[in-house]
1. Within region 112-154, report the trypsin sites (Lys or Arg not before Pro) that DSSP leaves as loop and that have at most 15 other Cβ atoms within 10 Å.
2. Which far-off residues, 5 or more places away or on another chain, put their amide H under 5 Å from the one on V234, with H placed in the peptide plane?
3. Divide the volume of the convex hull of the Cα atoms of region 146-239 by its number of residues and quote the answer in cubic angstrom per residue.
4. For V79 and K28, compute 0.36 nm times the residue count separating them, minus their Cα-Cα distance, and round to one decimal in nm.
5. Work out the charge dipole of the chain with +1 on the Cβ of Lys and Arg and -1 on the Cβ of Asp and Glu about the Cα centre, then indicate which of S145, V40, T111 is farthest towards its positive end.
6. As I understand it, the dipole of region 163-215 uses +1 on the Cβ of Lys and Arg and -1 on the Cβ of Asp and Glu, about the Cα centre. Which of I170, T200, G212 lies farthest toward its positive end?
7. Using each residue's phi in region 54-66, evaluate 6.51 cos²θ - 1.76 cosθ + 1.60 at θ = phi - 60° and report the 3J(HN,Hα) Karplus result to the nearest Hz, with x for Gly and Pro.
8. Can you list the HN-Hα couplings for region 159-176, worked out from phi with the Karplus curve (6.51, -1.76, 1.60; θ = phi - 60°), rounded to whole Hz and with x for Gly and Pro?
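Any read-out appearing in this document is the output of simple, stated calculations on the displayed coordinates, not a laboratory observation. Bear in mind the structure is a predicted one, so any value in this text is a computation, not a measurement. Heads up, the Cβs are rebuilt from the backbone with ideal geometry, glycines too, and the neighbour counts pull from every protein chain shown.
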Amino acid sequence: MRQKIVAGNWKLNLLQKEARTLTKALVKHTIENAPNAEVVLCVPHLYLEKGNNWTYGSSIKISAQDCSQHSSGAFTGEVAARQISSVGATYVLIGHSERREYFKEDATLLTAKIKQALESGLTPILCCGESLEVRKKETHVEFVSGQLTQVFGNLDNTEIASLVIAYEPIWAIGTGETATPEQAQSMHQAIRNVVQVSTTEKIANEIRILYGGSVKPNTAPELFGQSDIDGGLVGGASLNVDDFCKIIDAA
Ligand code: 13P
């Protein structure tokens, strides 16, 4: 049985006071309702340590949204995976489509970041997903498989088994347009197949694959009910306490 994950990706949102209020409400909800899912908050670096303090006594985990490919040194402005780990975070997003697009992150860079994360004891959440253009050409399975195999090529089975994968079709991010449960399930099955071909059946059966892209309280139950969908990576709806609690409870 794969335990579901509901991860909220705050992106570049929330001032400290707002972040604290939201987190405290989520702590209260998770303590009172003991959700089935593992709840993860992907916070700006600035709130990693605070987030860890605010969630003390609850099962909520803290994640970074990115890390450096370097472990230390003269890289002004960067934050190392080992620094993220040293303030109590346990996850890190790697290769979100916004990083791939706006910061030109490619497979070589993402592989280096994954290695840093794993060496630092963080669980990488490796993001993948196709654009609308690719989806319209109906080459989305090949495209996403390629994104994954380019990274898997430089990882061993143990490293791949340590990942969580998040499938986020770019056309569904922040647009209000969610992939249908059938579209998402079909891609998740294809992703699990890529993992199996790259590693073993056991690893493919155990790896967790999250869906992201306009997950809302009304769409979460059916998405999370699909056999290969192991939870969600939630953007906009994770900023609203009522919506995010409903999504947590749907898992
Ligand atoms: P939205 O839920 O706002 O579409 O964002 C999805 C996402 O990018 C999460 O990482």
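1. K137
2. Placed amide hydrogens put A7, G8, N9 under 5 Å from V234.
3. It comes to 94 Å³ per residue, whole-number rounded.
4. Roughly 15.3 nm would be gained on extension.
5. Going by the Cα projections, it comes out as V40.
6. Going by the charge dipole, the pick is T200.
7. 4, 8, 3, x, 10, 9, 5, 9, 10, 10, 8, 9, 5
8. 5, 5, 5, 7, 8, 10, 10, 10, 8, 10, x, 4, 5, 9, 7, x, 9, x
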